Every structure is written in structure tokens, then in C-alpha cells.
Amino acid sequence: MINKSRVHWLNRLNRLRNYLNGQQTIRRRAVPRYLLVGLAGGLLLYFGVAGAISYSAPWLVRGDTDLHVDYAWRLYHGGIPSRSDGITYQPFIEQHFNKAKPQAASKNPPLFYALHAPVVGPLMDRGHWQTAIALGRTLNLLIGATTILALAWGGWLMGGRRRALMALATPMMAVLIYRYLRLNVDYAVDFLMILIATLSLIYGYKYLRGGPSRRNFIIISLLAIAGLFTKAAFLGLLPALAAAVGLAHILHGGKDLAAKILRGLIWSSAFVILVVAATAWYYYLHDYKASGNWFNTRPSDFTGGRPLKSLADVLTSSKLWGLFHANYLRDTAVSSLTAMVAAGGAAYRAWSGHGWLKDKLSLATIGLLALALMGTLAIQIGHATGIGSINFRYLLPALLPLGLFLAYGLTAWRASRGQLVALVSIVMGVTSIKAYALPGGDNWFDGLYQAAAANGLPGALITLLLISFVIGSFGLVLALYQLSKD
């Protein structure tokens, strides 16, 4: 009979040996120590950059902050707003900020706001709305940090032989994208939706790679339901997730191809029906009955003074296709150069004789990620047709595929020892911070302190965040160099 106590201590001794050899053990998988160092550095870098932006940008900007915070406050008091309510929080009305503005955020389901309601509600009741927004932005930063860990997990699972390097490079290339960093300025619901989308694609990959399992099917379904209860844009990922469910039954079934295809169709259909049935009622009652539109509460003839765009106008717009290269960094030229270098590295790795091109599961994984990106692009095109805008923000549900693309391409240049990722990460951070430093003083650095002071925050906070950025950058540079040697 096996002595469980002896096995337990043998496992602990094995973990100690791995640690002394420079490795940590997580769920029986050796994780290099420098990956943990790099992730710690990456988190510090992210908090430094995103924190500087979040606490230097005005508490109320000309965007949707007031709408989202008003929604959370209304939910705290037990109600979901309608479009015709407008802004109802009296201090916002007294600010004459976006006076008589329709409550456009009312189109969103309440999951994100339910998370924020107990944080901002009590403070807003006492009139401390600035503090409420500051704490709400802090909560969003924590969601962003969780997204970093989720992206690292995705990079680890999908990184192949370079999994440790990809586990560090992927989140850095994703969360430091300019449009992701500025989400907190608008108090955007996208924060939670992107985290759920990332986890959904990871579990879609696990289902596809490891074969059908009841546990993963339930998890994927619950994540998809949560995603649609956060924002309708999650709908763009449903085809990819349904395809992953169906294809898993085909790749891991028996020898009867017809039976495998039928089983795959049944399970993927069951997934879609389950998710739609669990969420469609909300969109019907709250959006469709109010406006005749399943995913919006505005009247069908509303234009807001914006010019109408046809589908052809959108598809032929250089701005649409520029989303794939011009929006990773604040500087368009540097962003396009980064995308070009990453694409070149990815192409080189793809056609240099690597066996994964002949592996069905690897090709299926690439298909999953590509379909997720295409589905998200389709949602962006649909949104822009009419009066909507073309904005990289609407591609962010596919943050995992985007981060994997940049990380894979930039790390493909082996001679750089991972420093291309480090360089781009630091440039992403610096250029994004500069965008939110108020003009004035001798330089943008002084402007950052002035912006924080205008928000009633001490300069010591900005100093701490900048130190976090510097320390995190050094940790990232070191870790990427060490991991790229393996």
C-alpha cells in the first residue's frame, strides 16, 4: 500500500530541488524562476504606466465616464437605467457635464456595473464622486493585472517549446497597447469583457487540444454567458468558441468521420443554444423592446449629427485596415514599424521548416485564434456601418490573438534575446504616459505631476508609479534575456 505521507514529502523535496535549480513547480510543471521574475516586473511596469494614466487623467473626461459611473450608482440603488433617464446623479448634473446627455451606457448588461456598484455607490451617496471614480479605476487596474496573468497562462499553453518566453512576452505585448491602457480613462466596461474573452479562448483551446470534457464544456459555456452579460461585443467570439467545441469532437473522436462530424455539430449547436438562451432574454427585454435593436437602446432614426456610412464605406476605409498595424502604440509610425517587424518574424518562423505546420492540433489552434479575430473584426464592421466609429478598442476582445501575434513575431528574431519585446514594451509605456501629461511646466514629466495635482492627488503617488515603471522595466529586460537563452 502506498504511503501517502511519504509521497507528499517526496513531492516537496522534488519541488525544493527544482527551486534550487532555478525552477518553480506549479501543478507539476516546471516554471523557470525568471518567468516569475519577469511577470513580477511586468506587473510593476503595467501598474506604473496604467496607474500614471488612470490617476493623471481628469476624473470626468468628455467620453462615457459619467454614464458608466451613473449606471453603477443606479444599480447600487437597485435599478437599471434606461436611455431616456439621462444622467441622474445630481453632482454630475450640477457639473453641467454633458448636460441632458442620454444614458447611452444603458444598452450594456449589468455584470460590470454590479462589480463596481458596492465600491462607488456608498461614496457617491456622500457626494465623494471623485474618490469613487479613483477607487473604480483602481478596481479596473486590478482587473487588468488579472488579465496579465490570464494572458501569461495563454502564452504558456500555446507557446510550444518557447512557452516560458511566450508566457512573458504575450501579456506585455497585449496590455501595453495604447487603446487598452486608455480604457480606464473612460471607465470602460471592456475591462471585464476582455478578461472573460481571454479566459474563454484559453478554455476553448484546452477543449480543442485536450479533447471533449464535461468540465471544460461547462466552463466555456459559463464564461460565454458571463461575457454576453458584460457587453454585446462578446458575440464576435461565439463562432470561434462553437467551432472549438465542434472540432474537438472531430479531432478526438473515433474512426467514423460522419459520426464525428455529427457529434461535433450537436455539441457546438448545444453550446450556442445554451449561451443564447441564457442571455437573449435580457437583450430582448431591455434593448429590443425599447428600440427595436437587439444590442442598443437608441432610436432607429438617431444619428447624433454624425454622417451615415454604408458597408462599402467601412470596408474601403483605410482606417479600418489600419487597425492591424497603426494602433498598437500611440505613435502611428512606430506602431506600423512594430507590426511590420512582428509580421516578418512570424513569417520567417512559419516557413523555416517547423513541424507545427503539419500538426492538425496546432493548425486548429491557429484557426481558433484567427476566427476569434475575424469575428471581432466583423463586430467592428457592423458597429461602424451607420453612425458608429472605427476604433482599435473594438478589436480588444481578441487581445489574446493580438498579443500572441506580436510576441511570436518579435521573439522570432533570436539575435535580439527578447529585447525587441522589452524595447517595444517600454516605448509603449512612455508614449502612452506622455499622452496624458497636461501641457505646462518645462516638459511632459512636470505636466504629469500637474495633472495628478489637478485631481487632488499627491506628487508622491506619481513618483511611486514611475519608480514602479523603472523597476518593472529592468525586471522585464533581465527576464526576457534569460528566458530567450533556453
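The values are calculated or read from the model by the stated rules, or taken from the named source; none is laboratory data. All values reported here derive from a predicted model rather than from experimental measurement. Note: ideal-geometry Cβ built from the backbone for every residue, glycine included; neighbour counts use all protein chains shown.
Tabulated data
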quantity	calculated
Subset of segment 321-342 [touching a helix residue (DSSP H, G or I) at 6+ places or on another chain (Cβ under 6 Å) and either assigned to a helix (DSSP H, G or I) or at pLDDT 95 or above (or both)]	Thr338, Ala342
Which numbered condition Pro102 fails, given (1) buried (at least 23 other Cβ atoms within 10 Å of the Cβ); (2) outside any helix (DSSP H, G or I)	(1)
Matching residues, segment 146-168, being among the small types (Gly, Ala, Ser) and either touching a Lys or Arg at 6+ places or on another chain (Cβ under 9 Å) or surrounded by fewer than 17 Cβ atoms within 10 Å (Cβ to Cβ) (or both)	Gly155, Gly160
Candidates Ala233, Ala224 - the one that is in a helix (DSSP H, G or I) and touching a Leu at 6+ places or on another chain (Cβ under 7 Å)	Ala224
Filter result (in contact (Cβ under 8 Å) with a residue 60 or more places away in the chain and among the polar types (S, T, N, Q)) within segment 172-226	Asn184, Thr198
Near pairs, Cβ below 7 angstrom, 6+ apart or cross-chain, from segment 255-281 (under 16 Å from Ser221 (Cβ atoms)) to any residue that is of a type in the set (Phe, Trp, Tyr)	Thr279/Phe229
Residue count for segment 208-221, restricted to those that are crowded, with 24+ Cβ neighbours inside 10 Å and either modelled with pLDDT of 95 or more or part of a loop (DSSP other than H, G, I, E, B) (or both)	1
Check on Arg298, in a loop (DSSP other than H, G, I, E, B), modelled with pLDDT under 90, surrounded by fewer than 16 Cβ atoms within 10 Å (Cβ to Cβ) and basic (Lys, Arg)	no
Residues within segment 247-263 that are surrounded by fewer than 21 Cβ atoms within 10 Å (Cβ to Cβ) and in a helix (DSSP H, G or I), tallied	9
Condition broken by Met172, with the remaining ones in (1) in contact with a helix residue (DSSP H, G or I) (Cβ under 8 Å, 6 or more places away or on another chain); (2) surrounded by fewer than 23 Cβ atoms within 10 Å (Cβ to Cβ); (3) at pLDDT 95 or above satisfied	(2)
Helices (runs of 4 or more DSSP H) fully within segment 375-486 counting 3 or more residues that are out of contact with any Asp or Glu (no Cβ under 7 Å at 6 or more places or on another chain) and β-branched (Val, Ile, Thr)	419-434, 459-483
First in segment 117-129 and closer than 20 Å to Ile80 by Cβ, second anywhere and β-branched (Val, Ile, Thr), Cβ under 7 Å, 6 or more apart	Val120/Val69
Odd one out for Pro109, checked against (1) modelled with pLDDT under 95; (2) assigned to a helix (DSSP H, G or I); (3) over 18 Å from Val185 (Cα atoms); (4) under 22 Å from the mean Cα position of the chain (by Cα)	(2)
